Every structure is written in C-alpha cells, then in structure tokens.
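Structure first, then comments.
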Amino acid sequence: MTKPLDPTETAGLVVAPQLPDILPDRKPLKGVVGFCRRNPSIAIGAFLLAIMFVMAIAAPYLWTVDPTALAPSRRTRIPSADYWFGTDMFGRDIYSRVVYGARISLIVGFSVAILASIVGLVIGLVSGMVRWADSLIMRVIDGMMSIPPILLAIALMALTRGSVGNVIIAITIAEIPRVARLVRGVVLTLREQPYVEAAIAAGTRTPMLILRHILPNTFAPMSVQATYICASAMIVEAILSFIGAGIPPTIPSWGNIMADGRTLWQVKPHIVMFPAIFLSITVLAVNLVGDGLRDVLDPRMAKKI
Amino acid sequence: MLAFIVRRVIATIPVMAFVALFVFSLLYIAPGDPAAVIAGDQATPADVERIRQGLGLDRPFLVRFGEWLFRVLRGDLGISIFTSLPVSQLIAQRIEPTVSLMVVTLLLAILIAVPLGVLAAWKANTWIDRLAMAFCVTGFSVPVFVVGYLLAYVFALKLDWLPVQGYTPLSQGVWPWFENLILPAITLGFVYIALIARITRASMLEVLQQDYIRTARSKGVGQTSILFLHALKNAAIPVVTVIGIGIALLIGGAVVTESVFAIPGLGRLTVDAILRRDYPVIQGVVLMFSFVYVLINLLVDLVYTLIDPRIRY
C-alpha cells in the first residue's frame, strides 16, 4: 500500500499519482506460519486460549492441591514458594483455585456462546422467513432488549438456586435477543438477493432454501457474534458470582475467588488480583479471536473498526 | 416533528408493557412454588402461607398482573419483604448516588472517548491509532471490578490522592461529592469509553473519505475544524446511537461498581435484595432501570433529527 498524497503538501505542484502495487512483493506464506503472520490477532488469541484450555483440563496435574481444602492455620498468606499465589481467608491455596477456576469460565463462556447461537439462529430464521410471526417475535425481542442484560441475568438468578447450569441458562436467555436480531437482519437482506429469488422461482422448497441458500450465509456474522457472546458471558458469570448470585461459593470460579477476597482487598490485594488477571487474559484472548475472525470474514470492515 | 414524537412515544408502550409482563411473570416462570422461592430456605410453612396470600396466588394470573400493573402505574411498586418498606421509597432513598455516578460517568466517557476516536481516525494506521485500539480491546476485556480494585489500590491506597470508598451527597458540597465519584466513574466508564471510541473511529473513517472533506482541505480549512466541525457532525449518528445503547452497560456496571466502592445506591440495593431474595425490590429495580433505558433510547431517536436535519419522519 502506498500512502495517499496529502493535498496540502503538494499544492501548486503537478505530481503524477503513484500507482498502488498490484502484485504483492513476496509470495504469501502458506500453512500455519503464514496464517499466523496474516492474522496475528487470531494467532495470539488462540494461543492464549489454548493455554487456558490445557490448564483447565490438566488442572489436577499442574502441581495443584485440593482447591477446596481448608487450612485455618495458614490463612491469608502472601505468595511464596509454598503457596505460589498465596492463600485466602480460609487457608485455601489460591493457585489451585485459580487453575481449577478456568474450568468454570471456559464451560460457561463456550456453553452460552453455543446455546445462544443455536436458539438465536432458530428464532432469527423464523422471524426472517415467516412474515406473520415476525412482528410478534420482534416485539418480544424489543422488550427483552430493553432490559439491560446483566440485570436480566441477575433477576433470573435471584429466582433459582445458584448452579453452573442455572448460570448458563440465565446468561443465555439474556444474550439470545441480540443473536436473533442479527440473524433476522441477515435473512431479510438475503431474501432480496437475486439468487434467492431465482431459487424460489425455480421451485425450491422452503426447508431446502433455508438449508442451502440462507443458512450458509449466516455463518460468518454468527461466528463473530458467538465469540463476543463468549467473552461477555465469562464477564457476566464473574459478575454474578462476585455479587453472590452465580456459581455456588463451594465451587472455585474466578468470580467466587474474587468475592472471597472482596472484604480483604485493602490489606491482601493478591486474593483478588490473581483471578482478575486470569479472567482478563482469557476474555482478551476471546476478544482477539473475535476481532481477527471479523477481519477475515468481512474484509471490507477490516480496516475500519 | 410533533407527530413523530407522539408516534415514537406510542411505539414504546408495547415494549414497556412486555417488560412489565416479563418482570411480573419472572417469579412464575421459575421452577417451584413462587411463595417458597420468595420465602427462602429458612422459612416456616406459616411464612410461606403468609407470602402466598400476600401474592394472591389463588387468583388467575392475568387478574394478578392487571392489579399489579395498575398499582405500578400509580407508582406503587409493592412492599419490600425484608425491610417492610415500600419499594418506591427504598428506590427514592438510593437514587441520588446512582444518578450522580451515571451522569459523571456519561460526561467523562463522552469527553474522553469522542476525541480519542477522532484522533485514532485522523491518525489511522499509525502507532497512535494502534495504541488507541489496543486500549479499546483491553477496555472490553477487563471486567469492571478488576478496573475498580486496581484504580482504588493505586490512586487511593498507595498514592492517597483520592478517597478509597464511600459517597458524599451533593448537598455537602460539590468537591467532596465529585472527589468520591472520580474513581468509580473512571471504573464504570472504562468499557463505555472503549465502545464509544471504537464506533467514533469507524464512523469518522468513513466520513473522512468523502469528497466534501477534501474540498474543505483544499480551501484551507484547519485540521481541527475539519475533524470536529465538518466530519464529526456527519459521523455523529452511530456515535449517539451507541451512547444510548451503552447505557445498558452502565446500568449493569453500576451494580458492580457500587459494590466495589461501597456507594449506597441502587446497585447496592439490588445486590442486597438478591442476597435476601427480596423479590419485590428486584422487580422494582429491574422495571425502573428498563424504563429509564427505553426512555433514553427514545431521547436518542429524537436527537437524530437535531444532528441530521435530513432525517424526517
């Protein structure tokens, strides 16, 4: 790419416009290295996420102890060789709790992303394809979207017992409207496309029309949206657990560890700090993958946002 | 114009009606006996029975909804189970800190985010732009309480520049009030700034490529005036939209920020209500916040016509 000429610098001069290079100056690299070179944000995000996944799966083998074991004689120790991240007010090892906590964040993040995408996709497709259902569904969606998502999740959690499943359902319900809106928008644009009209004219039945012509085109925006939902779900889970309306306090999750450290944060900031760092890195990783995916799947937007 | 406002206001009625129905029925969607859910784990059967009668569970759902809605419309949000005070009174007591926090955050966020986005668009693809966008990705990724604790630790505990926690009412002086709100506002505004800056940059980039910007440059208009007078005006619609939508983030974030900074506002009220399963309070707060959110987005729609006279409804 060449730098565009600044009109103020060349005032009064006639300069032949520089033509952009049509051919790239070197052959694009193939394979994994080439992909990473071209999409550094996906590469970094995926790498960080992979570390978190390994940590979550291999938690018992990563020099951890029982994350729920109480040891009243060793309360609120600061990080040391014995307790890498210190201990909390019940003497539980924070390193072990943080490593095990990765499981909850990843499970919640990915479950919500998948569930919200599937349900949102179905609702969006029905809304976009079935005229009479559209206005009714959109009123409901509008109503749900006018309740701030975190408040909606809080209200739902206040009704049920705290459990991982309930947290996933509550956050999913709060996220569905946005997916449904997105899919409906895509379907409505696709319906006007000449190739879809041609398919209808050629007598394609609705199920086949959806499966072959509509569905594949929703994939790109959906996958980008799903990564953002995943990131947002992880944060909402931590917030719910932090205010005491999420994962039961007996299960080590990053939000719960921070909730435990909350009363002591002025004197023992390490209890809050370690889960905070891990949560931030994980969410950042998911966001980086999302940004990278958006750039790959929608090159027109790539240079803008 | 007046016709448009009326039509737009009428259009929010079904939305608000749905929100009311949803908030009301939340209690009945949940598995189990709503009276037992409200009563909690330690309740005696007599408590459950008392609550069941208080809710009027023996009558049809729509009748109960109608009665409830009628009372809500008159400003009666029910009685708190835990404190036995009217919910509307509890909300009124707690509203000042939350409104203060949100207004300060909103102003701070707009004052930082819009110039940041404009700068990033102006210096597109330079290190300034990259830095600004890296900040935005970080803003989306770091949860609000993490920012809160970090800021409080550095600026209040270590440097001792600002108060650690608490809230001072505006009636006790503007500076004490503001001093207590600086850290919470930055905390709460972090995501919001990232969101607004990103949209401002995207919108500005599109506008800066248009012909009239080149015309302005060629007739010698200064850079600042091109950016802020010529370009920003036309880039403002998506920015205003996202400021309106982002209020949802502020409302959710306020619940957490108020916990971190021990601000006695509506967020604290919500958290306390959840821990005590004080359902009328939760209903009241959710309903009120949703109403404010709808109202703000209605306002945003009206602002469109002020920014862009071409928009006629």
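General remarks:
- Any hit, the stretch B:182-198, residues being in contact (Cβ under 8 Å) with a residue 60 or more places away in the chain, open to solvent by less than 50 Å² (accessible area, probe 1.4 Å) and among the polar types (S, T, N, Q): yes
- A:A238 vs. criteria part of a helix (DSSP H, G or I) and either under 30 Å from B:G252 (Cβ atoms) or of a type outside the set (S, T, Y) (or both): yes
- Sole exception among (1) touching a Phe, Trp or Tyr at 6+ places or on another chain (Cβ under 8 Å); (2) at the interface with chain A (Cβ under 10 Å from one of its Cβ atoms) for B:V294, by number: (1)
- Residue match in the stretch B:251-273 (condition: closer than 30 Å to A:G244 by Cβ and among the basic types (K, R)): yes
- Any hit, the stretch B:263-271, residues being out of contact with any Phe, Trp or Tyr (no Cβ under 9 Å at 6 or more places or on another chain), of a type in the set (K, R) and within 12 Å of another protein chain (Cβ to nearest Cβ): yes
- Residue check: A:M138 meets all listed conditions (1) under 16 Å from the mean Cα position of the chain (by Cα); (2) surrounded by fewer than 22 Cβ atoms within 10 Å (Cβ to Cβ) but one, namely (1).
- Residue count for the stretch B:27-40 under the criterion of being at pLDDT 70 or above and either under 25 Å from A:G143 (Cα atoms) or facing chain A (nearest Cβ under 9 Å) (or both): the result is 2.
- Of the residues making up the stretch B:56-80, those that are aliphatic (A, V, I, L, M) and open to solvent by less than 70 Å² (accessible area, probe 1.4 Å) are B:L57, B:V63, B:L69, B:V72, B:L77.
- Helices (runs of 4 or more DSSP H) (entirely within the stretch A:68-173) containing at least 1 residues that are modelled with pLDDT under 85 and more than 30 Å from B:V281 (Cβ to Cβ): A:94-129, A:131-145
- Candidate set from the stretch B:81-98 (those that are of a type in the set (A, V, I, L, M) and surrounded by 15 or more Cβ atoms within 10 Å (Cβ to Cβ)); member that is modelled with the lowest pLDDT: B:I81
- Within the stretch B:117-140, the set of residues being over 29 Å from A:M258 (Cβ atoms), in contact (Cβ under 8 Å) with a residue 24 or more places away in the chain and surrounded by fewer than 22 Cβ atoms within 10 Å (Cβ to Cβ) comprises B:W122, B:A124, B:D129.
- Scanning the stretch B:125-134 turns up one or more residues that are under 26 Å from A:G290 (Cα atoms), within 14 Å of chain A (Cβ to nearest Cβ) and of a type in the set (G, A, S).
- The single condition from (1) at pLDDT 85 or above; (2) in a helix (DSSP H, G or I) that B:L306 fails is (1).
- When B:A152, B:A113, B:A156 are checked against the criterion of being away from chain A (no Cβ under 13 Å), in a helix (DSSP H, G or I) and not acidic (D, E), a single residue qualifies: B:A113.
- Flag for B:Y153 being of a type in the set (S, T, Y), open to solvent by 30 Å² or more (accessible area, probe 1.4 Å) and either in contact with a helix residue (DSSP H, G or I) (Cβ under 8 Å, 6 or more places away or on another chain) or modelled with pLDDT under 80 (or both): no
- Summed over the stretch B:275-288, residues that are in contact with a Gly (Cβ under 8 Å, 6 or more places away or on another chain) and either without any contact (Cβ under 8 Å) to a residue 60 or more places away in the chain or surrounded by 23 or more Cβ atoms within 10 Å (Cβ to Cβ) (or both) total 3.
- Only one entry in A:S223, A:S232 is open to solvent by 10 Å² or more (accessible area, probe 1.4 Å), closer than 24 Å to B:V137 by Cβ and more than 14 Å from chain B (Cβ to nearest Cβ), namely A:S223.
Condition check ((1) among the β-branched types (V, I, T); (2) open to solvent by 20 Å² or more (accessible area, probe 1.4 Å); (3) assigned by TED's automatic domain parsing to the domain that holds B:A156) across all residues:
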{"position": "B:A216", "(1), (2), (3)": "no, no, yes"}
{"position": "B:L227", "(1), (2), (3)": "no, no, yes"}
{"position": "B:K233", "(1), (2), (3)": "no, yes, yes"}
{"position": "B:V255", "(1), (2), (3)": "yes, no, yes"}
{"position": "B:F261", "(1), (2), (3)": "no, no, yes"}
{"position": "B:A273", "(1), (2), (3)": "no, no, yes"}
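- Any hit, the stretch A:192-213, residues being under 29 Å from the mean Cα position of the chain (by Cα), farther than 23 Å from A:S105 by Cβ and touching a residue at least 24 places away in the same chain (Cβ under 8 Å): yes
- Scan of the stretch A:252-285 for residues that are crowded, with 19+ Cβ neighbours inside 10 Å, more than 8 Å from every other protein chain (Cβ to nearest Cβ), touching a residue at least 60 places away in the same chain (Cβ under 8 Å) and of a type in the set (A, V, I, L, M), ordered by number: A:I257, A:I271, A:A285
- Of the criteria (1) more than 20 Å from B:L106 (Cα to Cα); (2) more than 8 Å from chain A (Cβ to nearest Cβ); (3) out of contact with any His (no Cβ under 7 Å at 6 or more places or on another chain), which one B:R214 fails: (2)
Every residue, every condition in (1) within 13 Å of chain B (Cβ to nearest Cβ); (2) of a type outside the set (D, E); (3) more than 30 Å from A:A58 (Cα to Cα), yes or no:
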site: A:V98; (1), (2), (3): no, yes, no
site: A:I107; (1), (2), (3): no, yes, no
site: A:S111; (1), (2), (3): no, yes, no
site: A:V130; (1), (2), (3): no, yes, yes
site: A:G162; (1), (2), (3): yes, yes, no
site: A:I168; (1), (2), (3): no, yes, no
site: A:T172; (1), (2), (3): no, yes, no
site: A:L182; (1), (2), (3): no, yes, yes
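- So B:P143, is it surrounded by fewer than 24 Cβ atoms within 10 Å (Cβ to Cβ) and of a type outside the set (S, T, Y): no
- Taking residues in the stretch B:8-26 that are more than 8 Å from chain A (Cβ to nearest Cβ), and partners anywhere that are open to solvent by 20 Å² or more (accessible area, probe 1.4 Å) and charged (D, E, K, R), the pairs with Cβ atoms closer than 9 Å and at least 6 places apart or on different chains are B:R8/B:D301; B:F24/B:R64.
- Any chance A:I214 is within 14 Å of chain B (Cβ to nearest Cβ) and of a type in the set (V, I, T): no
The values are calculated or read from the model by the stated rules, or taken from the named source; none is laboratory data. Note that this is a predicted model, so its numbers are computed, not measured. Heads up, the Cβs are rebuilt from the backbone with ideal geometry, glycines too, and the neighbour counts pull from every protein chain shown. Just so you know, the surface numbers come from the protein's heavy atoms only, side chains and all, with ligands and any DNA or RNA stripped out. Shrake-Rupley method; radii C 1.70, N 1.55, O 1.52, S 1.80 Å.
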